[in-house]
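Visitor: The structure under discussion is supplied below as structure tokens; questions concerning it will follow.
Please treat every number below as a calculation from the coordinates, not as lab data. For clarity, every value in this text was computed on a predicted model and none was experimentally measured. FYI the Cβ positions are ideal-geometry reconstructions off the backbone, even for glycines, and counts take in every protein chain you see.
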Amino acid sequence: MDYADSDATAPRDPGPGPGWQTDLSRAPAATKIVIAGGFGVGKTTFVGSVSEITPLRTEAVMTTAGEEVDDHTAVPAKATTTVAMDFGRITLDTDLVLYLFGTPGQQRFWFMWDDVVRGAIGAVVLVDTRRLADCFPALDYFESCRLPYVVAVNHFEGTARHSPEAVREALSLEPDVPVITMDARHRITVVETLLTLVGRALETTPGAVSRAVHRAAPSAAPEPSRGGRCDGSS
Amino acid sequence: MSTAAPALRAPAGPVPERPTARVRPYSLTGGRGRCGHVLLMETFVAALADADEGRGDPGAVAAAPGGALASWLLPEVRAVLGLCRRLRSVAEVSALLRMPLGVVRVLLGDLADQGRIRVYGTGHLTGRPDRALLERVLSGLRRL
């Protein structure tokens, strides 16, 4: 029951880490970016490419929230499902720390998205062009939240390279949503993707010199039934 | 939250001997799932100096009001306090102790109510980051 010591496979403490960790008189500003996308699209790779710690995994226990979608009748004893989320950390300055949270893309994990999206700078929606539809729930969700996001096409070896414009069209993206082709394994392209997102967030934050046109409600665009929603109240 | 304290105490009855038995996460929190503190996943917390009873020796008597604190704190709570001798985010506490986020939030909320940990502000509460913060993030990323 001792969570800290008894389990041989317990996650490793990242170690001494940056100096701010031991100065308890003050804490750095903490902020976060959400990395979203379908299963196996490279979210953890993305996080690991730029994180100063080996990505850690946090878990949320889903109980009754999943009843409508999970058929428990065959296994009556099973009342909970564990949802995992990998995250990394970047110390950007002595007083500024950025967290990257890779979130599961499946629709039934909305409750967890609300949690991770609260206070976030924005989201990177990772896309595999072989499975475009996997990112629909994420796009819908961020549109309904009005969370700034960029679409990052993770270019897998051996797959055809699609132009950003083709991806934009296939996903029915607004013209002002940045689309980037990148490689989640390569740190430099990951950093560029994050820079693009923060730039996009600045554009859409009140006070901008050339403030972006406020987006219409997601329903205004004729899109495939992507069915996401943002429950800001939770 | 005046009802906070009992959740942190070990049950009065006989303690099961099986070391592998895991307490159902929400029995640790008395079924509560929310707390009054702003504990975002990236919120930093740290143990307060005079609440340093998280050390390994279970027989240690803490010099805090209430007597032998370490002996009645749940192991999970001791683990949280031990980990938080360094600045940690809520998500890091959850990951490093392998405790579900919701449980960690409740435990941290209780510990904050009792003055055992400090919850640091993220600087922007629950709203979106402001322009000043975004500019700092941008220049920080450019330096990578």
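Visitor: Divide the volume of the convex hull of the Cα atoms of the range B:77-144 by its number of residues and quote the answer in cubic angstrom per residue.
Guide: Given the Cα convex hull of the range B:77-144, per-residue volume reads 116 Å³.
Visitor: Here is a follow-up. Going by C-beta contacts inside 10 Å, put A:Leu96, B:Leu97 in order with the fewest on the left.
Guide: So the residues, fewest neighbours to most, are A:Leu96, B:Leu97.
Visitor: Still on this model: What is the mean number of Cβ atoms from other protein chains located within 10 Å of the Cβ atom of each residue in peptide A:92-100, rounded to a whole number?
Guide: Mean shielding by partner chains, rounded to a whole number: 4.
Visitor: Once you average over the residues of A:185-192, how many Cβ atoms of partner chains fall within 10 Å of each Cβ?
Guide: Across A:185-192, the average partner-chain Cβ count within 10 Å equals 1.
Visitor: Taking the range A:32-205, how much of its Cα-Cα pair set, in percent, is spaced more than 27 angstrom apart?
Guide: Values: 3826 of 15051 pairs.
Distances greater than 27 Å cover 25 percent of the Cα pairs.
Visitor: In nm, give the distance between the simple-model label positions of A:Ser25 and B:Arg98, each being 7 Å from the Cα along the Cα-to-Cβ direction.
Guide: The two pseudo-label positions are separated by 3.8 nm.
Visitor: Using a 10 Å cut-off around each Cβ of peptide B:40-49, what is the average number of partner chain Cβ atoms that fall inside?
Guide: 6
Visitor: First select every other residue whose beta carbon is under 10 angstrom from the beta carbon of B:Ile117; then total the charges, Lys and Arg +1, Asp and Glu -1.
Guide: Net charge in that neighbourhood comes out at +1.
Visitor: A follow-up question, please. With 10 angstrom as the radius, rank A:Met85, B:Met41 by how many other C-beta atoms surround their C-beta, starting from the fewest.
Guide: B:Met41, A:Met85
Visitor: In nanometres, what is the gap between the two model label sites at A:Glu192 and A:Glu52, each 7 Å from Cα along Cα-to-Cβ?
Guide: 2.5 nm
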